[in-house]
1. Using the beta-carbon distance between Phe60 and Glu82 and R0 = 35 Å, what value does 1/(1 + (r/R0)^6) give for FRET efficiency, to the nearest 0.05?
2. Can you tell me the dipole magnitude for the stretch 169-258 around its Cα centre, using point charges on the Cβ only (Lys, Arg +1; Asp, Glu -1), in Debye to the nearest 20?
3. Suppose each label sits 7 Å from its Cα in the direction of the beta carbon; what would the Lys253-Asn145 distance come out to in nanometres?
4. Equivalent ellipsoid semi-axes for the stretch 171-264, as square roots of 5 times the alpha carbon gyration tensor eigenvalues: give them largest first, rounded to whole Å.
5. For the peptides 155-164, 7-16, what is the packing order when you average, over each peptide's residues, the other Cβ atoms within 10 Å and list the highest mean first?
6. Order 205-215, 185-195 from most to least packed using the mean count of other Cβ atoms within 10 Å.
7. Quick one: Leu126, Leu172, fewest Cβ neighbours within 10 Å first, how do they rank?
8. Sort 43-49, 25-31 for me by packing, meaning the mean count of neighbouring Cβ atoms within 10 Å per residue, highest on top.
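What follows is calculated from the coordinates using simple rules that are stated; it is not laboratory data. Since the structure is predicted, the reported quantities are computational estimates derived from the model, not experimental observations. Virtual Cβ from ideal backbone geometry, glycine too; neighbours counted across all protein chains shown.
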Amino acid sequence: MAQARQAIAAKQHEQARKHVDQALKLVGIIDNVLPQYKVKTEIKSGKLVYTDEDTIKPAFITLFEELSRRDFISPVLKAKAEAKQKAENKKAGDAKPAGKTKPAPKAIAVTKADLEYTSVKLDFNLTKQVLSIAKTELAKEDHENHLKADAALRTLQSAGVIFEFDEIDLPLKQAADNLKLAEVEMQAGNYDEANAALHVAVDELKKYEKQTGEKRSKEVKALHEEISKLSAVLDKGKPTGKEGKEHAGTISKMWQKVSGWFKK
């Protein structure tokens, strides 16, 4: 479509015809491979009965589809590093008052995580109609007819190509990101920060438990109870270096389990 319009603008009418013919060949190929569905309809009202059976094909075809996740771990870790550096610079520049201790920095957890779904679809019935009109108009030698073909193709590009964008806020996604953050913090020996992320992961898994099916909800409940037990251990005191590494390994397995639920 785009190449045909460019050719019309350059008054290369033979090239425009070739591009439209190529587009129609592609339409024919797509039409042959599209699945067909039989739809039966029956409506009753008293003794009157209406029945109908029709064979239909999908009205829209997907040109592009993407499901992407945003990275919230890296920005959080970057913010923590910047806060730490700022605190160290302030400590170096300010005299510390006697008898006062500096409060511990507030632990940061992932509080938002989402998925982005983007798709581009083509109105297939409109495409067939418009390309046929464009072919008819381009077959004529008059430039005014060629401009009509261009207008038809422009309509198809603007009205026939449909963009969809959805941003999905998922508790499961937030739980996964917080578990990964907890693992990173645990490996670094930042146990308070790791525990803060675990608390958020538990809260998000509880939300997800209410949204999912019976079988999955049991698995989710068992996992957030397991995380709560680990969090309770961290509440009692900081682990040793060896224990911290073991906890990091345990959290990694928890993260793998949550990530696996995205695929099922």
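1. On the way: r = 46 Å, r/R0 = 1.32.
About 0.15, to the nearest 0.05.
2. 320 debye
3. 7.5 nm
4. Values: eigenvalues 108, 30, 22 Å².
Ellipsoid half-lengths, sorted descending, are 23, 12, 11 Å.
5. Details: 155-164: 13.2, 7-16: 15.9.
Taking the mean over residues of other Cβ atoms within 10 Å, the ranking is 7-16, 155-164.
6. Details: 205-215: 13.7, 185-195: 20.3.
Taking the mean over residues of other Cβ atoms within 10 Å, the ranking is 185-195, 205-215.
7. Working: Leu126 16, Leu172 22.
Ordered by Cβ neighbours within 10 Å, fewest first: Leu126, Leu172.
8. On the way: 43-49: 7.3, 25-31: 12.1.
Highest mean packing first, the order is 25-31, 43-49.
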